[in-house]
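Enquirer: Quick one: the structure is below, and I'll ask about it shortly.
What follows is calculated from the coordinates using simple rules that are stated; it is not laboratory data. Remember, it's a predicted structure, so these values are computed and weren't measured experimentally. Here the Cβ positions follow ideal geometry from the backbone for every residue, glycine too, while neighbour counts run over all protein chains shown.
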């Protein structure tokens, strides 16, 4: 398995895990609205969206580094 393939799989796995956490927290806020702040959905969305976007941006950089490593070795 090449470095590029492993990098893509790792990024996909990390994004799926973050999306699962996001879904879980959002569902918990909808099921128990008396236990969360009124602006929790917006805060959760912006925080998790920024985290997932940052990880995806880092993934692009890591992909190019893996492609270079595949060409060298």
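Enquirer: Using Cα atoms only, what is the angle between the long axis of helix 40-72 and the major principal axis of the chain, expressed in degrees (0 to 90) to the nearest 10?
Expert: It is inclined by approximately 10 degrees.
Enquirer: With each label point set 7 Å from Cα along the Cα-Cβ vector, what nm distance links residue 30 and residue 50?
Expert: 2.4
Enquirer: Sort 1, 48, 65 so that the residue with the fewest other Cβ atoms within 10 Å of its own Cβ comes first and the one with the most comes last.
Expert: 1, 65, 48
Enquirer: At 10 °C and 1.306 mPa s, what whole-number value in µm²/s does Stokes-Einstein give for the translational diffusion of the stretch 3-72, with Rh from the Kirkwood sum over Cα pairs?
Expert: The diffusion coefficient I find is 116 µm²/s.
Enquirer: By how many degrees, 0 to 90 and rounded to 10, does the Cα axis of helix 3-31 deviate from the longest principal axis of the chain?
Expert: The helix 3-31 is inclined about 0 degrees to the chain.
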